[in-house]
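Note sheet for the following structure.
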Amino acid sequence: MILNGVAIDDTFAEAFGMRATRILVTALNLKWAYHAARAVTGFATSVIGCGCEAGIERELSAEETPDGRPGLSVLLFAVSGKELAKQVERRVGQCVLTAPTSAVFAGLDGEAINLGRNLRFFGDGFQISKIIGGKRYWRIPVMDGEFFCEETTGMIKAVGGGNFLVLARGQSEALAACEAAIEAMAKLRGVIMPFPGGVVRSGSKVGSKYKALSASTNDAFCPTLRGAVKSELSPETGAVLEIVIDGLTEADVRNAMRAGIDAVCRAGADGGILRVSAGNYGGKLGQYHIELHDIMLWQR
């Protein structure tokens, strides 16, 4: 398949089942909501080393939040419900409770996991609760007033590890195309791209020559290793970047991949883009196989 001079490989992205939740972080203004949301989603690029993958889904107007203040929707993903619950409690306790004027609420219905249930003990006995509309909320005294939080949030089954690779003549062309892709994908709901700026340069393969490592550099897509390994790159390919997508549903991931690849292809061959491919493990590890040709043909 060729789109605007860009070859789309006949391959698939291999994605995995995960557990996810959405939380709503509000504050006196959007500036402080961002401070809290960026902190709670920090160091959350990959479950390989971070425990969870997380990101800001979108801004929320005052009309969209439970307390009528501006806020942000945040998505968190982990490989198990137990790990997700641990990550949510730790991150909210250290990064949202601590942020001036902040509050936090559930953003999903589903299996309940703790949000403020245990954080209430920080109130040292002065915390109080109230049930509104069948949901329990906690008011925890802090030095700028009260930290208001919902007792639990909902956890659902989700999909992580959707991805595509952008192969270009050089770094600047690959990065410009990926930036356009992220801008298009960020308009969609139900997905995050957890790496810095939404883009990752250190794509990985399973395993390593070093026993302590479960993953190592994707040598087949490293331009400097062409000639030293079984390379996937043509001589004119100077840089490869990857975009990884986590979504609340498989359809969310597919929609985001399509929007991102479409944006990359708009840069086209004239913009230095040569190919779009995807990362997989031969179909043996992930239960979701997202064919690039299928999602791009479905659009047209």
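Considering region 103-132, and only residues there that are at positive phi and over 31 Å from the mean Cα position of the chain (by Cα), the residue that is surrounded by the fewest Cβ atoms within 10 Å (Cβ to Cβ) turns out to be Gly125.
Of the numbered criteria (1) at pLDDT below 95; (2) touching a strand residue (DSSP E or B) at 6+ places or on another chain (Cβ under 6 Å); (3) surrounded by fewer than 16 Cβ atoms within 10 Å (Cβ to Cβ), the one His289 fails is (1).
Rundown of residues vs (1) among the acidic types (Asp, Glu); (2) touching a strand residue (DSSP E or B) at 6+ places or on another chain (Cβ under 7 Å); (3) in contact (Cβ under 8 Å) with a residue 40 or more places away in the chain, yes/no style:
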| site | (1), (2), (3) |
| --- | --- |
| Phe77 | no, yes, yes |
| Lys82 | no, no, no |
| Ala85 | no, yes, yes |
| Glu111 | yes, yes, yes |
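Filtering region 146-158 for residues that are over 23 Å from Ser80 (Cα atoms), open to solvent by less than 60 Å² (accessible area, probe 1.4 Å) and not charged (D, E, K, R) leaves a non-empty set.
Taken together, the residues in region 186-213 that are surrounded by 12 or more Cβ atoms within 10 Å (Cβ to Cβ) and basic (Lys, Arg) amount to 3.
From the list Glu64, Glu57, exactly one residue is surrounded by fewer than 20 Cβ atoms within 10 Å (Cβ to Cβ) and of a type outside the set (A, V, I, L, M). Which is it?
Glu64
Is it the case, given these coordinates, that Leu84 is part of a strand (DSSP E or B) and buried (at least 18 other Cβ atoms within 10 Å of the Cβ)? For Leu84, the condition - part of a strand (DSSP E or B) and buried (at least 18 other Cβ atoms within 10 Å of the Cβ) - is not met.
Rundown of residues vs (1) touching a residue at least 24 places away in the same chain (Cβ under 8 Å); (2) closer than 21 Å to Val6 by Cβ, yes/no style:
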residue	(1), (2)
Asp219	no, no
Pro223	no, yes
Ala228	no, no
Arg266	yes, yes
Gly271	yes, yes
Ala278	yes, yes
Ile290	yes, yes
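Among the criteria (1) in a loop (DSSP other than H, G, I, E, B); (2) out of contact with any helix residue (DSSP H, G or I) (no Cβ under 8 Å at 6 or more places or on another chain), the one Ala220 does not fulfil is (1).
Scanning region 32-54 for residues that are surrounded by fewer than 16 Cβ atoms within 10 Å (Cβ to Cβ) and farther than 19 Å from Pro100 by Cβ yields Phe43, Ile48, Gly49, Cys50. Residues that are out of contact with any helix residue (DSSP H, G or I) (no Cβ under 9 Å at 6 or more places or on another chain), more than 16 Å from Phe164 (Cα to Cα) and open to solvent by less than 20 Å² (accessible area, probe 1.4 Å) occur at least once in region 248-258.
The values are calculated or read from the model by the stated rules, or taken from the named source; none is laboratory data. Just so it is clear, the model here is predicted, and its values are computed rather than measured. Backbone-built Cβ (ideal geometry, glycine too); neighbour counts: all protein chains shown. Protein only, heavy atoms only, side chains kept; ligands, DNA and RNA dropped before computing areas. Shrake-Rupley method; radii C 1.70, N 1.55, O 1.52, S 1.80 Å.
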